[in-house]
1. Residue check, L242 against (1) open to solvent by 40 Å² or more (accessible area, probe 1.4 Å); (2) outside any loop (DSSP other than H, G, I, E, B); (3) touching a helix residue (DSSP H, G or I) at 6+ places or on another chain (Cβ under 7 Å); (4) modelled with pLDDT under 95, all met but one. Which one?
2. Taking the condition over 18 Å from R240 (Cα atoms) and of a type in the set (A, V, I, L, M, F, W, C), does A145 pass?
3. I'd like the full set of residues that are of a type in the set (F, W, Y), within 26 Å of A255 (Cβ to Cβ) and open to solvent by 50 Å² or more (accessible area, probe 1.4 Å), limited to the range 275-333.
4. Being open to solvent by less than 60 Å² (accessible area, probe 1.4 Å) and at pLDDT below 50 is the filter here; which residues of the range 67-88 pass it?
5. Is at least one residue of the range 139-150 assigned to a helix (DSSP H, G or I), more than 21 Å from D120 (Cβ to Cβ) and open to solvent by 60 Å² or more (accessible area, probe 1.4 Å)?
6. Against the condition under 25 Å from the mean Cα position of the chain (by Cα), at pLDDT 90 or above and outside any helix (DSSP H, G or I), how does F135 come out, does it pass?
7. Would you be able to say whether some residue in the range 194-208 is under 19 Å from Q159 (Cα atoms), touching a strand residue (DSSP E or B) at 6+ places or on another chain (Cβ under 6 Å) and modelled with pLDDT of 95 or more?
8. Any residue in the range 290-310 that is at positive phi sitting within a Cβ distance under 7 Å of a residue that is among the basic types (K, R)? List the pairs, counting only those 6 or more apart or interchain.
Amino acid sequence: MPQPTLTASKAGIAKATIALTGKSWSREDLADYVVVEGKTLQKSISLQTVNNFFTGNRVKRQYFVGICKALGLDWQEIKKLNTTTSPQTSLPNDNPIAELEQLNINHNNPFIPQHGKIDDPRFFFGREREIRWVFQTLNCGSSVAIIGERAIGKSSVLQAIYREAPHQLHHPRQPIYLDLKNVCDENDFYGALCHKAGIETVKGYLLERALESHRLLLLLDEVEKMTWDGFTNQVRGQLRGLAEGNNAPLRLVVAACTSLDTLFPDSQDKNMTSPFKGICIEETLKQWDEKICREFIASRLHAEWLILVAKPVTFTEAEIAGLIAESGGYPQKLMQLCYQTYARYIN
């Protein structure tokens with residue numbers, strides 16, 4: 001007997017997309033987090049099943065419910081209504097605007113995500129000049145350090161570089177992104193690096209030998225973690241060695257809140273070369289200026305992926321000026337303030 005299937009509605013897919021972005025998950029992450037309840041407990045599902053869900057294709061009922069639970073959604077609100085649905089819950093002419101309003105119009109707020117890195121290209125905005133400079137530097141044979149205050153957008157820029165690397169690098173390199181917040185110590189770092197590179201976990205000369213045939217672009221987020229207990233100058237020194245030279249196995253892009261020479265003074269105290277000195281050219285991320293802030297607000301209010309509603313929201317000139325002034329040009333702060341303003345309109 002064929003298993004029952006469900007299909008997500010257009011408004012349901014939009015709602016699920018917003019929930020996915022709010023958790024800062026990729027579709028691969030979602031597939032790993034899904035738990036399917038049945039005769040036996042199944043943890044994780046295939047990426048293809050998740051893609052079917054988001055493209056409006058049929059998905060087995062148990063997988064459909066598991067995806068919705070992982071996203072914190074009511075699956076009955078996400079499913080596409082069919083002809084057998086009771087009159088009390090049916091929608092006239094499958095109207096997407098009416099369907100959205102029945103679900104909860106607040107989920108149409110375009111100012112998301114409010115926290116964390118932006119890894120969905122639809123929601124990434126600005127920083128074209130900085131990203132162009134990063135690839136120019138990488139293509140000249142140097143590594144890069146992205147320096148900036150917290151919540152200025154360093155992680156989001158790293159994600160953009162990760163996505164664009166296959167198209168922007170003159171000499172192909174496999175991009176590897178490592179968030180050091182999730183790495184415990186030096187041994188854990190080597191394990192994560194080797195796993196991402198697809199080689200056996202080694203370090204020292206064995207790592208150098210294992211990477212002879214590899215060309216990697218290593219993106220390190222929260223590099224401050226390397227100053228904590230569990231990390232020594234040895235691992236930073238090896239990164240330097242692997243990144244030196246035109247044909248080096250590694251090219252680095254690291255993100256930090258302060259200059260690397262300030263961040264890693266231990267090498268200088270021992271009369272050694274600072275681990276990233278001379279190989280990482282620094283680029284400082286600054287706040288958005290008024291022009292970029294205005295362009296961002298306009299782009300979100302008229303985003304192509306925004307679900308149509310009967311009365312589109314617009315901000316007044318006074319509101320826009322106030323939002324820019326209060327945010328100080330900090331992207332995350334501006335996002336949060338715009339979200340609150342938009343929510344007042346739709347609520």
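1. Of everything listed in (1) open to solvent by 40 Å² or more (accessible area, probe 1.4 Å); (2) outside any loop (DSSP other than H, G, I, E, B); (3) touching a helix residue (DSSP H, G or I) at 6+ places or on another chain (Cβ under 7 Å); (4) modelled with pLDDT under 95, L242 misses just condition (1).
2. So A145 does not fit the description; no.
3. As a first pass, look at the range 275-333 and keep what is of a type in the set (F, W, Y): 276, 288, 296, 305, 315, 330.
Pick out the ones that are also within 26 Å of A255 (Cβ to Cβ) and you get 276, 288, 296, 330.
Passing the criteria: only Y330.
4. T85, S86
5. No, the range 139-150 contains no residue that is assigned to a helix (DSSP H, G or I), more than 21 Å from D120 (Cβ to Cβ) and open to solvent by 60 Å² or more (accessible area, probe 1.4 Å).
6. It is false that F135 is under 25 Å from the mean Cα position of the chain (by Cα), at pLDDT 90 or above and outside any helix (DSSP H, G or I).
7. No, there is no match, as no residue in the range 194-208 is under 19 Å from Q159 (Cα atoms), touching a strand residue (DSSP E or B) at 6+ places or on another chain (Cβ under 6 Å) and modelled with pLDDT of 95 or more.
8. none
The values are calculated or read from the model by the stated rules, or taken from the named source; none is laboratory data. The model shown is predicted, which means the values in this text are computed figures rather than measured ones. When we count neighbours, we look across all protein chains shown, and the Cβ atoms used for this are built from the backbone with ideal geometry, even at glycine. SASA here: full protein model, heavy atoms, side chains in, ligands and nucleic acids out. Shrake-Rupley method; radii C 1.70, N 1.55, O 1.52, S 1.80 Å.
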